[in-house]
Structure formats: structure tokens, C-alpha cells
Amino acid sequence: MAFQTEYEFELPRGYVDDSGTLHKRGVMRLATAADEILPMRDARVQQNQGYLTVILLARVITRLGEVKHVDTKTIEKLFTADLAYLQNLYRQINDLEAPKAHTACPKCDHEFEVEVDFLSVTEGLS
């Protein structure tokens, strides 16, 4: 099974370009460390932390309809419903899913999976 790094999406409203063409389908790739670190140096982010989302999305959206190049100006022109949709998609594909362990109850032998929370386990060790 191949590791998925790109995710197709369809905007709820769609991006309308300068010629009036509606673009709804696109592709978002997984974010890299650089995608999250480098925008912090941008003056627009330093003046307004909310702009971080705009830069992040411009970096990770690789295709939006027939738009040749998705940049911050493109993201700025999105409808708020589409921006919220993309923010949610970004979180979904980039947040690490908690690992699960298969286990069984020692009393009744019922088998089940539990999420392993490494953070709470390591907090007790320090």
C-alpha cells in the first residue's frame, strides 16, 4: 500500500477567478516542516497571525481547477466557507492519527483496540 501524500477535494462554493470562471476541484498535499516553519518569517504573519493560514494553504494546494498557480492572492479571494473547508481538510490530513494497539480483556478475553496516547504516558516519566 502506497503512502498517500496528495488529497483531492471539492470546494463547497468554489473559487471565482478574474474572468468569472468557477473552480471547485483541487488537490492538497501533505505539509512539510518547512511549510509550517518558513511562513513564520513572513512580515504579514508577524503583523497578523491569521495570515499564517493563507500562506500555508497557498503552499500546500497544488491544483485548483484550471488555475495555473495557486498563491496567497488566490487564497485571499476564497469565500469564507471554502477557506474554513480547506482549513479543516489541512488539519485532517496533517494531524497524526493516534496509534492503536490490539488487546484483550484479561478477565473475559474480549478483544478490542485502544488508542495509545504517548504524551500522557511520557508525562508521568519526567
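The values are calculated or read from the model by the stated rules, or taken from the named source; none is laboratory data. Source: prediction; values computed, not measured. Quick reminder, even Gly has a Cβ in these numbers, built from the backbone with ideal geometry, and neighbours come from all protein chains shown. Quick note on the areas: whole protein, heavy atoms, side chains included, nothing else; ligands and nucleic acids left out. Shrake-Rupley method; radii C 1.70, N 1.55, O 1.52, S 1.80 Å.
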Review point. Given 0.36 nm per residue, what is the gain on full extension from Q92 to E111 after removing their alpha carbon distance, in nm?
Key: 4.0 nm
Review point. Using alpha-carbon pairs under 8 Å, 6+ residues apart, how would you state the relative contact order of the chain in percent?
Key: 21
Review point. Largest first, what is the accessible-area ranking of E111, E66, E36 with a 1.4 Å probe?
Key: E66, E111, E36
Revision key, fill the gap. So the FRET efficiency between L22 and Q47, C-beta based with R0 = 35 Å and rounded to 0.05, is 0.65
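Using the Cα gyration tensor of the chain, with a ≥ b ≥ c the square roots of its eigenvalues, what is the shape: rounded (a/c below 1.5), prolate (a/b larger than b/c) or oblate (neither)?
Working: a/c = 3.11, a/b = 1.88, b/c = 1.66.
Prolate is the answer for the chain, as a/c is 1.5 or above and a/b outweighs b/c.
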Review point. If amide H atoms are built 1.01 Å from N in the plane of the peptide, which residues on other chains or at least 5 residues away come under 5 Å of the amide H of R63?
Key: V27
Exercise for review: Would you list which lysines come within 22 Å of K24, measuring only between C-alpha atoms, while excluding same-chain residues fewer than 8 positions from it?
Suggested key: K68, K73, K77
Check your understanding: Say we join alpha carbon atoms closer than 10 Å with springs in a Gaussian network model of the chain; which of R41, R63, R25 then has the biggest fluctuation?
Key -> R41
Exercise for review: With all protein chains present, calculate the accessible area of R59 using a 1.4 Å probe and round the result to the nearest 10 Å².
Suggested key: 90
Exercise for review: Choose one answer from D82, D71, D109: the residue with the largest mean-square fluctuation in a GNM of the chain with alpha-carbon springs under 10 Å.
Suggested key: D109
